[in-house]
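S.K.: Here you go, one structure.
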Amino acid sequence: MDLSGLTKITDDTSVDYNLDAASLKLQIQDITIRLSAPNAETRELWKGFIQSVAELSVSSSLVLLPKQIVLLEEVVKKEKERQQNAQQRSPSLNADPNVDMPDCFHPVSRTEAEFLLTRQASRGNLLLRPSRHGNAFAISTREQLNGPILKHYRVSRKHDIIFTIDLDNPVTCTSLPDIIKHFIDTSEGALKPLPREKLYQKKLSFVAFDRESGEKILRTASMILKPNLSTQPETNMKAPRKSKKPPVLACRET
């Protein structure tokens, strides 16, 4: 599971069919995941591992044995190395100007892609991501039929401008957007690309109080442009008035 969005971890007090079991709940953004451990002692160790991996540090408040603390420190070290290696392997969106990257490209791993497709199911069910095998890509999809169906397809890259979907009958395209279009057309629109979330807004908006309704509303700010007098027709131009200055008496010292 992708623990980068972990917001809360709590004990689950609901009754389990196994009386010795001890459960806990993970709140990962808007998704709640319930886990069941064999007993309460194991649950505390699980909580320690999950919290340490999510925060990339071992909390001093954990009540665990010294040997267990050492295990947590080793796991945190491995997770830091894994994330660093994953960033180095993931191609940048602007790394190669010769590649037209579609809007559904996400620099995530296979596991992260499955979690992302599950969390964003209402926005799309197909995404393009880096492959673990060299300079290649992968297509991840998620469909629903008596439960979720997750699939992954490898897209090989040759000569920078040739992309091939590795199937029994390979499909070759000259761009990644054409690869995405092939999946959409073949599935008759059942597969919908999942676009990347926009990190920055393009319009300035704010919550303001509406005096007429007495409620708060979301309002978009508009720019007030001053008219440029130089662009106005000459008929609208008026000659400036000459200011009347008081007479000045000039004196010379003698």
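The values are calculated or read from the model by the stated rules, or taken from the named source; none is laboratory data. Quantities reported herein were computed from a predicted structural model and do not represent experimental measurements. Cβ placement follows ideal geometry from the backbone for every residue including glycine, while neighbour counts extend to all protein chains displayed. All accessible areas refer to the heavy atoms of the entire protein, side chains included, with ligands and DNA or RNA removed. Shrake-Rupley method; radii C 1.70, N 1.55, O 1.52, S 1.80 Å.
S.K.: What distance in nm lies between label points placed 7 Å from Cα along the C-beta direction at Ala208 and Lys77?
M.R.: With each label placed 7 Å out from Cα toward Cβ, I get 5.8 nm.
S.K.: Right, here's the next one. Heads up, I need the accessible area for Val53: 1.4 angstrom probe, whole protein in place, Å², nearest 10.
M.R.: Per-residue accessible area (Val53): approximately 30 Å².
S.K.: Amide H to amide H, which residues 5 or more places from Lys192 or on other chains are under 5 Å from it, using H placed in the peptide plane?
M.R.: Sorted by chain and number, the residues that satisfy this are Asn125, Leu126.
S.K.: Then there is this: If packing is taken as the average count of other Cβ atoms within 10 Å, what order do 116-123, 211-218, 164-171, 181-188 fall into, highest mean first? Can you show the working numbers first?
M.R.: Details: 116-123: 15.2, 211-218: 8.1, 164-171: 11.5, 181-188: 13.4.
Taking the mean over residues of other Cβ atoms within 10 Å, the ranking is 116-123, 181-188, 164-171, 211-218.
S.K.: Next question. Among the listed pairs Lys78/Lys192; Lys8/Lys78; Lys8/Lys80, give every one whose C-alpha distance is greater than 25 Å.
M.R.: Long pairs (Cα-Cα over 25 Å): Lys78/Lys192.
S.K.: Can I ask one more? Report the full-extension gain for the segment Asp178 to His159: residue separation times 0.36 nm, less the Cα-Cα distance, to one decimal in nm.
M.R.: Contour length minus Cα-Cα distance gives 5.2 nm.
S.K.: 5 Å is the cut-off here: which amide hydrogens, built 1.01 Å from N in the peptide plane, fall below it relative to His106, excluding neighbours closer than 5 in sequence?
M.R.: Close amide H contacts, sequence-distant or interchain: Leu128, Arg129.
S.K.: Apply the Karplus curve 6.51 cos²θ - 1.76 cosθ + 1.60, θ = phi - 60°, to the phi angles in the range 7-15 and return the couplings in whole Hz, x for Gly and Pro.
M.R.: Whole-Hz 3J(HN,Hα) from phi for the range 7-15: 10, 7, 9, 9, 6, 9, 8, 5, 6.
S.K.: Using a simple spin-label model with points 7 Å from Cα along the Cα→Cβ vector, what separation in nm is obtained for Lys8 and Gln144?
M.R.: A separation of 2.5 nm, rounded to one decimal place.
S.K.: Sticking with this one: Reachable aspartates and glutamates from Lys151, Cα under 15 Å, same-chain residues fewer than 8 places away excluded?
M.R.: Candidates past the 8-residue exclusion: Glu112, Glu114, Glu143, Asp166.
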